[in-house]
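Visitor: Here you go, one structure.
The values are calculated or read from the model by the stated rules, or taken from the named source; none is laboratory data. Just so it is clear, the model here is predicted, and its values are computed rather than measured. Counting neighbours? That spans all protein chains shown, and the Cβs are built from the backbone with ideal geometry, glycine included. The protein model used for the area step is the full one, side chains on, heavy atoms only, and it has no ligands, DNA or RNA in it. Shrake-Rupley method; radii C 1.70, N 1.55, O 1.52, S 1.80 Å.
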Amino acid sequence: MLIQLENITKNYQVGTVTVTALQGIRMDIDHNEYVAIMGPSGSGKSTLMNILGCLDTPSSGSYLLNNNRISDLDDDRLAEIRNREIGFVFQTFNLLPRANALQNVELPLIYRGLPAAKRRTQARDALASVGLADRMDHKPNELSGGQRQRVAIARALVNNPSIILADEPTGNLDSRTGDEIMEIFEGLHEAGNTIILVTHEEYIAEHTDRIVRLRDGLIERDEAANGGH
Amino acid sequence: MQLAENIPIALTAVRANKMRSILTLLGIIIGVMTIITMQSLITGLRKSIHEQVTALGSNVFQVQKFPAIHTGGDMFRKYRNRKNITLKEYEAVKEHVTAAKSVGAEYWMGGQELRHGEHKTLPIISVCGGTPEFIDNNGYEIGDGRFITPQDVDHNRQYVVLGADVARQLFPYDDPLQKEIKISGRRFEVIGVLQSRGSTFGQSRDTYVVIPIGSFIKVFGKERSLNITVQAISAELYNTAMEQTTGVMRVVRKVPPGEPNDFDIFSNDTLIEFFDNLTRYVRIVAIAIASISLLVAGIGIMNIMLVSVTERTREIGIRKSIGAKRRDVLWQFLIEAIVLSEAGGVIGIVLGLTLARLVALVSPVPAAVPIWTVVLGLLFCSAVGLIFGVYPATKAARLDPIVALRFE
């Protein structure tokens, strides 16, 4: 099993009030699954995504990733796991504006400590795999929204992570470009990657194999997607 | 992650806000420029003064009536009543100072016009009545012919050795040796020409002639004070020679114990010491100005780095989300602060050097930049960047990636 969540809770202190974002999540995700996490705003899906992406740690419960217990690691160990195991794709792309496509894709490899030549080759391959071989030296503001998201996907892929974690990846794109991005995800899934997609759009979620619906910090339903393949 | 990876990142960030960076750097630029300019000029002056006072040969000091350096208006009046130094003291020093290798005597007469046939010099030539020790004790070398010998002195021969400039003025086309020149109406035969010593502060050091001391007395009389030059046997015996000489002079001149010397000792170090004392305060003020402006610059850098961290909160979030550790972010901003202040340091050094060159160009003050000031200046800038960058960089490193990613 790739991911095992056991009784995950998360509380926030807002002033004097304690807000419970997750109140006991139990969920397993296996290798090469394609999962959508859905839910209205306030359902806890962002919090769950942050915990899955090792950006945050749960207040209680256990999170095993590749059988490593990561629920109580320190900041730097979490950074390392984000670097090696997780590839993020964000709604707003989150590329560095002053770096070109190639440099953006190289970034995770820099933090991994790879030498420059090796970095460049891997980053080029990743960009080529999302169809941007001819846009490597373009800065984000010289690229269309779809192209930016593809750079972000290349950056997520470049370290060969265990999970690709996409947060509303088509939210800022028109539906045609969104479909292109979803096709890329499908391709990645077919190539053996594990993809977790956070979305509030049924239509996007239906591209996946499995939909986990959250409400009020609990899993409301966990079912196979009917539109899946 | 390698630390060096941060340098291009830092350069990009500094370049992205050119105007802001330059304004921030003004303090550092001014501070470093001040240090470099002042150091360069002071060192240049010191060096040229050093060259000038090595007029004396090595391990040589000179006993004279007046202090070498006159400060304040009343100095002359104060020393005028001193007794002239005479040949009696010279003989005594020569006899009793055991640490001396050679002791020379010199009478000087300035403002002379020398003639050779049609040619004459400007009336600015100094005539020295000297002993054979002159050449060694003053650090000269013979260029042509020979110098005055003990026999020339014993027999009061009418011989003269010319400074290089005098030889050039009186004998523009022919060889001066064995020719006759006139000093104050008397005939002297040229037996040698000294090698040129060049000039310092635009003043030639080759505008005099040397004749045997007895011949000098015959021409100009001896109603003047003698200079005694003493060369110590070795550098180790230099101070001994100086103490012995002081003792002998005090005995011969009957200076009561406890009274100050009624003569002065001038050495190669005299002017240097004087100059160092004089410039000590200039240096202190320059360092104070530089320190204050570096402090202000440091605060400016801290301020701009805090702005930069806030502006780039989202970038920090992105970097953390894809695997940047705390220390990666810390070093990224520390190195950015150091690069920023080093940029100011380099500009300040270039401007300082240019300014020193310019001053050297329009004035007789030479410029010389000791490499250690440049190195020290750059180290100082790094230190400023490091010290004032720590707080902003720590702030950046501690950002929560989730909060940072949400930052608009």
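Visitor: On a 0 to 90° scale, report how tilted helix B:371-397 is relative to the longest principal axis of chain B, with both axes built from alpha carbons and the result rounded to the nearest 10.
Guide: That helix lies at roughly 20 degrees to the long axis.
Visitor: Using a probe radius of 1.4 Å on protein heavy atoms only, what is the accessible area buried between chains A and B, both sides summed, to the nearest 100 Å²? Write down the numbers at each step before the final one.
Guide: Values: alone 10790 and 20890 Å², together 29530 Å².
Looking at A and B, the buried total is near 2200 Å².
Visitor: Further question: Evaluated at 20 °C with a viscosity of 1.002 mPa s, what Stokes-Einstein diffusion coefficient in µm²/s does the range B:300-408 have when Rh comes from the Kirkwood expression over alpha-carbon pairs? Before the final figure, lay out each step's value.
Guide: Working: Rh = 15.7 Å.
Rounded to a whole number, D works out at 137 µm²/s.
Visitor: Something else: Pairs of Cα atoms under 8 Å, at least six residues apart: use those to get the relative contact order of chain A, whole percent. Don't skip to the answer; put the middle values down first.
Guide: On the way: 474 pairs, mean separation 63.8, N = 229.
Here the relative contact order equals 28 percent.
Visitor: Where does the range A:3-224 land on Rg/Rh, using Cα atoms and the Kirkwood Rh? Don't skip to the end; give the middle numbers.
Guide: Values: Rg = 17.3 Å, Rh = 17.9 Å.
Rg divided by Rh gives 0.97.
Visitor: Continuing with this model, one more query. Compare A:T16, B:T373, B:T98 by solvent-accessible area with a 1.4 Å probe and give them largest first, with all protein chains kept in place. The partial results should precede the final answer.
Guide: Numbers: A:T16 130, B:T373 5, B:T98 100 Å².
Sorted by accessible area, descending: A:T16, B:T98, B:T373.
Visitor: What shape does chain B take by its C-alpha gyration tensor, where a ≥ b ≥ c are the square roots of the eigenvalues and a/c under 1.5 counts as rounded, a/b above b/c as prolate, and the rest as oblate?
Guide: Details: a/c = 3.97, a/b = 2.78, b/c = 1.42.
Since a/c reaches 1.5 and a/b is larger than b/c, the shape of chain B is classed as prolate.
Visitor: To continue, here is another question. Report the antiparallel proportion of the DSSP beta bridges in chain A as a percent, rounded to a multiple of 5. All intermediate terms of the calculation are to be shown ahead of the outcome.
Guide: On the way: 23 of 40 bridges.
Beta bridges within chain A, antiparallel portion: roughly 60 percent.
Visitor: Here is a further query. In whole Å, what is the distance between the alpha-carbon centres of the range A:176-204 and the range B:7-52?
Guide: Measuring centre to centre over Cα atoms gives 55 Å.
Visitor: Based on the Cβ-Cβ distance of B:D154 and B:K18, what FRET efficiency does E = 1/(1 + (r/R0)^6) give at R0 = 60 Å, to the nearest 0.05? Each step should come with its number before you reach the end.
Guide: Working: r = 79 Å, r/R0 = 1.32.
In this case the efficiency is close to 0.15.
Visitor: Given the range B:83-262, what percent of its DSSP beta bridges are antiparallel, to the nearest 5?
Guide: Once the DSSP bridges in the range B:83-262 are tallied, antiparallel ones form about 75 percent.
Visitor: Could you work out the percent of alpha carbon pairs in the protein assembly as shown separated by over 49 Å, rounded to a whole number? Don't skip to the end; give the middle numbers.
Guide: Details: 95090 of 202566 pairs.
Beyond 49 Å sits 47 percent of the P(r) for the protein assembly as shown.
Visitor: Return the subset of B:K65/B:K254; A:K10/A:K45; B:K120/B:K222 for which the Cα-Cα distance in this structure is over 21 Å, preserving the input order.
Guide: Values: B:K65/B:K254 15 Å; A:K10/A:K45 12 Å; B:K120/B:K222 26 Å.
Long pairs (Cα-Cα over 21 Å): B:K120/B:K222.
Visitor: Counting only Cα, what are the radius of gyration and maximum Cα-Cα distance Dmax of the range A:157-229, in Å?
Guide: 12.6, 35
Visitor: Please identify every one of the GluC sites (Glu not before Pro) in the range B:239-325 that sits in a loop by DSSP and has no more than 15 other beta carbons within 10 Å of its own beta carbon.
Guide: Details: sites: B:E243, B:E273, B:E311, B:E315; in loops: none.
Of the GluC sites (Glu not before Pro), not one in the loops of the range B:239-325 has a Cβ with at most 15 other Cβ atoms within 10 Å.
Visitor: Of B:K78/B:K182; B:K18/B:K47; B:K18/B:K395, which sit over 30 Å apart, Cα to Cα? If you can, show how the numbers build up before the last one.
Guide: Working: B:K78/B:K182 37 Å; B:K18/B:K47 40 Å; B:K18/B:K395 23 Å.
Beyond 30 Å: B:K78/B:K182; B:K18/B:K47.
Visitor: Per-residue accessible area for A:L64 at 1.4 Å probe radius, Å² rounded to 10?
Guide: 40
Visitor: Can you tell me, using C-alpha contacts under 8 Å and at least 6 residues apart, the relative contact order of chain B as a whole percent? Don't jump to the answer; show the numbers that get you there.
Guide: Details: 720 pairs, mean separation 120.0, N = 408.
Taking the mean separation of contacting Cα pairs over the length of chain B, I get 29 percent.
Visitor: Send over a whole-number figure in Å² for the accessible area per residue of the range B:83-262, probe 1.4 Å. Don't skip to the end; give the middle numbers.
Guide: Working: 8670 Å² over 180 residues.
Ligands and nucleic acids excluded, the result is 48 Å² per residue.
Visitor: Whenever you get a sec, compute what percent of the accessible area on the protein assembly as shown sits on carbon and sulfur atoms (1.4 Å probe). Before the final figure, lay out the partial values.
Guide: On the way: 16060 of 29530 Å².
Of all accessible area on the protein assembly as shown, carbon and sulfur atoms account for 54 percent.
Visitor: Just from its helices, what would the mean residue ellipticity at 222 nm be for the protein assembly as shown, if runs of 4 or more DSSP H residues each count -39500 (n - 2.57) and the sum is divided by every residue, rounded to the nearest 500 deg cm²/dmol?
Guide: On the way: 21 runs with 303 residues, N = 637.
Helices in the protein assembly as shown give a 222 nm mean residue ellipticity of -15500 deg cm²/dmol.
Visitor: If one takes the longest principal axis of the Cα atoms in chain A, at what angle in degrees, from 0 to 90 and to the nearest 10, does the Cα axis of helix A:101-112 lie?
Guide: With rounding to tens, the tilt is 60 degrees.
Visitor: Here's something else I'd like to know. Report the extension gain between B:E236 and B:L26 in nm, rounded to one decimal, defined as 0.36 nm multiplied by the number of residues separating them, less their alpha carbon distance. Mind showing how you got there, number by number?
Guide: Values: separation 210, 0.36 × 210 = 75.60 nm, distance 5.03 nm.
Fully extending the segment from B:E236 to B:L26 adds 70.6 nm.
Visitor: As I understand it, the value is the acute angle between the Cα axis of helix B:326-362 and the longest principal axis of the Cα atoms of chain B; what does it come to in degrees, rounded to 10?
Guide: 30
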